[in-house]
Amino acid sequence: MDPVKTAARRGPRVHARTVSPRAPLQDPVDRSDPLLVRLVAGPTAWGRLDVQPSRYGFTRYRLTVLPPGASTAERAWLAVWRSCPVLVAVLGFGLDLVVLAAGADGVVAAAAGGALAVVVPALVAVRTRRLRPLVRSRAGGVDDCAGVPRPVGDMAAIDRWWPVLDAADRALERGDMTPVEHELVWTAAWQDLATRPRGAHPGLRARAAGLLRQG
């Protein structure tokens, strides 16, 4: 029996399963990790949807789906990798101020900043090298400049999976879906984006159709 289909058929009235104390289900977000790690990793286990509106009526969207089973620490490292240019700039500026305040000249400060700009990205690259090739993302946008919304890019994939993933998150929070069922939805989205860059796999789309109707 497919847990995803079962959860979808039950709809919003699905009841939480009784879990044996000897085999507890695990929360996708590991609460045992330090608070800072969880904050950096973000609130959702599967990834994120970035929305960037512009003042000219064009809105950019990027859906990023991480490989199923990624831990909170791994998600935090991927978030650091994504923000590495900004992080290096901030850390470099802070290091320069400290070096200059200690009485060193500008050449030493520049050398320290340059070393930091090499070491930090290299460290983060090593920590994320296994997961980065497995991350799936789709970018698109909606052009509303003429008053009529017009999708561009890969909005079809974003429109297809973002409501499903969001509905799965809400169902998990309500207790209407188990963590195992939640990860199955996450896996379906990841597999679809991995195998069909420009179109949904019919079987995977069918598995999540019920959850879409629920959301």
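The values are calculated or read from the model by the stated rules, or taken from the named source; none is laboratory data. Note that the structure is predicted; figures quoted are calculated from it, not measured. Note that each Cβ is placed from the backbone with ideal geometry, even for glycine, and that neighbours are counted across all protein chains shown.
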Could you look through region 34-66, keep only residues that are surrounded by 13 or more Cβ atoms within 10 Å (Cβ to Cβ) and of a type in the set (K, R), and pick out the one that is nearest to D154 (Cα to Cα)? R62
Which of (1) at pLDDT 85 or above; (2) aliphatic (A, V, I, L, M); (3) surrounded by 11 or more Cβ atoms within 10 Å (Cβ to Cβ) does L87 not meet, given it meets every other one? (1)
Considering each of A79, A117, A70, A112 in turn, give the residue that is surrounded by 16 or more Cβ atoms within 10 Å (Cβ to Cβ) and assigned to a loop (DSSP other than H, G, I, E, B). A70
Members of region 32-75 that are modelled with pLDDT of 85 or more and hydroxyl-bearing (S, T, Y): T44, T59, Y61, T64, S71, T72
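Does A171 qualify as being modelled with pLDDT under 90 and either not polar (S, T, N, Q) or not in a loop (DSSP other than H, G, I, E, B) (or both)? First the steps, then the outcome.
Details: modelled with pLDDT under 90: no; either not polar (S, T, N, Q) or not in a loop (DSSP other than H, G, I, E, B) (or both): yes.
Answer is no for this residue.
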Looking only at region 99-143, which residues are closer than 30 Å to G69 by Cβ and hydrophobic (A, V, I, L, M, F, W, C)? V119, V120, A122, L123, V124, A125, V126, L131, L134, V135, A139
Sole residue being of a type outside the set (A, V, I, L, M), buried (at least 17 other Cβ atoms within 10 Å of the Cβ) and in contact with an Asp or Glu (Cβ under 9 Å, 6 or more places away or on another chain), chosen from R150, R136, R130: R136
